[in-house]
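Working notes for the structure below.
Taken together, the values in this text are just the output of simple stated rules run on the coordinates, not laboratory data. All figures in this text were calculated on a predicted structure; none of them were measured in a lab. Neighbour counts are summed over all protein chains in view; Cβ atoms, including those assigned to glycine, are modelled from backbone coordinates with ideal geometry.
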Amino acid sequence: PPAPGDYVFPGDGTRLVIPYPFDFVCHVKARHAGANVVAMFAKEFPARDRGYYEAAHAAGYLRGMSGGDDETVEPLRPLAAGERVRHWLHRHEPPVLDHPVDVVAVTDDLVAVHKPATMPVHPTGQYRKNTVLGVLAATRRDLGRLSPAHRLDRNVSGLLLMARNARTASALREALAEG
């Protein structure tokens with residue numbers, strides 16, 4: 001889980017995450033069945049070019065998983081839908097604005113926070129720790145595991161409700177869906 005020491009505030013109005021090793025595991029989607037591991041990653045994750053994935057495979061950082069065990073996947077071997085693949089990488093998260101995630105209210109069932117703009121609510125894309133849930137996990141462990149009840153896009157600021165248990169999460173989602 002994220003820790004307070006994972007974050008750096010360089011004084012330019014941003015919050016950075018210290019780069020860290022990350023183990024990314026995913027399943028081969030049906031649309032990539034028959035592709036090789038390098039082609040699949042180059043198409044599914046185009047933020048890096050094919051040359052990067054070729055080098056990652058050659059270094060052993062791009063691998064297949066068979067029965068939970070790592071295996072070197074031949075670069076040209078076709079992948080099967082549902083097969084698991086793993087990519088070890090050094091993650092550099094994009095910066096977000098250095099605005100606090102203010103806890104507005106806490107009850108036994110709910111937490112209300114002010115979500116700052118530029119910060120995603122939960123891990124997504126390039127963000128794992130520089131998220132509302134990541135910052136709260138690092139700074140407010142007393143709140144426990146939280147489940148967002150609704151969405152606020154990354155570039156939107158506003159009040160965000162989070163459930164502290166499954167029963168409340170379900171009830172909130174139903175109430176919001178009903179309007």
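The table below lists the values:
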read-out: Test item: Cα-centred dipole of the chain, Lys/Arg +1 and Asp/Glu -1 on Cβ, debye; value: 200
read-out: Pairwise Cα inverse-distance average, inverted: Kirkwood Rh of segment 1-57 (Å); value: 14.2
read-out: Per-residue HN-Hα couplings for segment 2-8 [Karplus 6.51, -1.76, 1.60; θ = phi - 60°; Hz; x = Gly/Pro]; value: x, 10, x, x, 6, 10, 10
read-out: Cα lying deepest toward the dipole's positive end in the chain, options 138, 171, 112, charges on Cβ; value: 171
read-out: Under-5 Å amide H pairs with residue 24, H placed in peptide plane, nonlocal only; value: 87, 88, 89
read-out: Cut-off 15 Å between beta-carbons: net charge of the residues surrounding residue 81, Lys and Arg +1, Asp and Glu -1; value: +3
read-out: Semi-axis lengths, Å, segment 2-98, gyration tensor of Cα atoms, sqrt of 5 times eigenvalues; value: 31, 14, 12
read-out: 14 Å Cα-Cα reach of residue 43 towards aspartates and glutamates, excluding residues that sit fewer than 8 places from it in its own chain; value: 54
read-out: Degrees, to the nearest 10: 166-178 long Cα axis against longest axis of the chain; value: 80
read-out: Semi-axis lengths, Å, the chain, gyration tensor of Cα atoms, sqrt of 5 times eigenvalues; value: 35, 21, 14
read-out: Nonlocal amide H pairs with residue 96, under 5 Å, H built at 1.01 Å; value: 15
read-out: Kirkwood hydrodynamic radius (C-alpha pairs) into Stokes-Einstein, segment 90-152, 20 °C and 1.002 mPa s, D in µm²/s; value: 174
